[in-house]
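The values are calculated or read from the model by the stated rules, or taken from the named source; none is laboratory data. Keep in mind that what you see is a predicted model, and the values were worked out from it rather than measured. Because the Cβ atoms are built from the backbone with ideal geometry, glycine has one as well, and the counts that use them run over all protein chains shown. What goes into the accessible areas is simple: the full protein's heavy atoms, side chains included, and nothing from ligands, DNA or RNA. Shrake-Rupley method; radii C 1.70, N 1.55, O 1.52, S 1.80 Å.
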Amino acid sequence: RLAIAYVQADYLSWQPEERFDLVTLIFLDYCPIAPQQRRALLENVRRLLEPGGAFLFDVSAVPGLASRPTSGSFSYCPDGGFWSAEPYFEFFNPFAYPDEAVALDKFTIVEAGRTRTFYNWFQHYTPETLAAELAESGFRVDSVLGDVAGREFDPQAAEFAVIARPLA
């Protein structure tokens, strides 16, 4: 029985007049965007929040780098699938850059008449590195959680969530 507004929009450019008590970003969507985009996102979220409001989101965690695949794979999708409605071959190549806490999933999709390559980058965090990045954009971490549903934080898990608030 809460008054909830669900909004689907480009979070980097959406500029409504309303303000919100809570902004959420789920499915680790913070991690694949570039550093300058993360700063723009945080600036926009800070502007969207009512005084005392919170930003709840989840991120990939550094321990998740160790559990990533280490070798590539390929598959044939004769009936189409995620990448195309037409038959295609999918070539998957994972890369990990532990010193930067970054991972890359490279997908090459080969269809009749065309080949496409997709690069999915994922920044990984510890609670401390995320808190430092948030502080640079005027936020503080209120809580570190296991996920956006409030599960207890596990320092060895592949992801975690935070509740962050703008600095006063």
Exercise. Please work out the C-alpha center-to-center distance from the range 49-94 to the range 112-158 and express it in whole Å.
Key: 13 Å
Self-check item: Where only C-alpha atoms are counted, convex hull volume of the chain per residue in Å³
Solution: 156 Å³
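Give me the percent relative contact order of the chain, please, defined on Cα pairs under 8 angstrom at least 6 residues apart.
So the answer I get is 23 percent.
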Exercise. Filter the trypsin sites (Lys or Arg not before Pro) in the range 93-168 to those in DSSP coil with at most 14 other Cβ atoms within 10 Å of their Cβ, and list the result.
Key: Arg151
Quiz item: When you take every Cα atom in the range 37-105, what is the radius of gyration, and what is Dmax, the widest Cα pair distance, in Å?
Solution: 18.5, 53
Quiz item: Taking R0 as 22 Å, what's the FRET efficiency between Gln15 and Ser143 from their Cβ-Cβ distance, rounded to 0.05?
Solution: 0.20
Self-check item: Helix 35-48 axis, angle to the chain major axis (alpha carbon atoms, nearest 10°)
Solution: 40 degrees
Quiz prompt | Computed over the range 90-129: relative contact order in percent, which uses C-alpha pairs under 8 Å that are six or more apart | solution = 34 percent
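Determine the gain in length on full extension of the stretch Phe153-Phe27; use 0.36 nm per residue of separation and subtract their C-alpha separation, reporting nm with one decimal. Present the calculation step by step, with values, prior to reporting the outcome.
Values: separation 126, 0.36 × 126 = 45.36 nm, distance 1.65 nm.
This chain segment gains 43.7 nm when fully extended.
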Quiz item: So what's the range 95-168 giving for Cα Rg divided by 2.2 N^0.38 Å, two decimals?
Solution: 1.50
Quiz item: To the nearest 10 degrees, how steep is helix 127-136 against the longest Cα principal axis of the chain, on a 0 to 90 scale?
Solution: 70 degrees
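Measuring with a 1.4 Å probe in the full set of protein chains, what accessible area per residue, in whole Å², belongs to the range 70-168?
60 Å²
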Quiz item: Of the accessible area of the chain, with the probe set at 1.4 angstrom, what percent is carbon plus sulfur?
Solution: 55 percent
Self-check item: Kirkwood estimate for the range 1-66, i.e. one over the average of 1/r between Cα atoms, Å
Solution: 13.1 Å
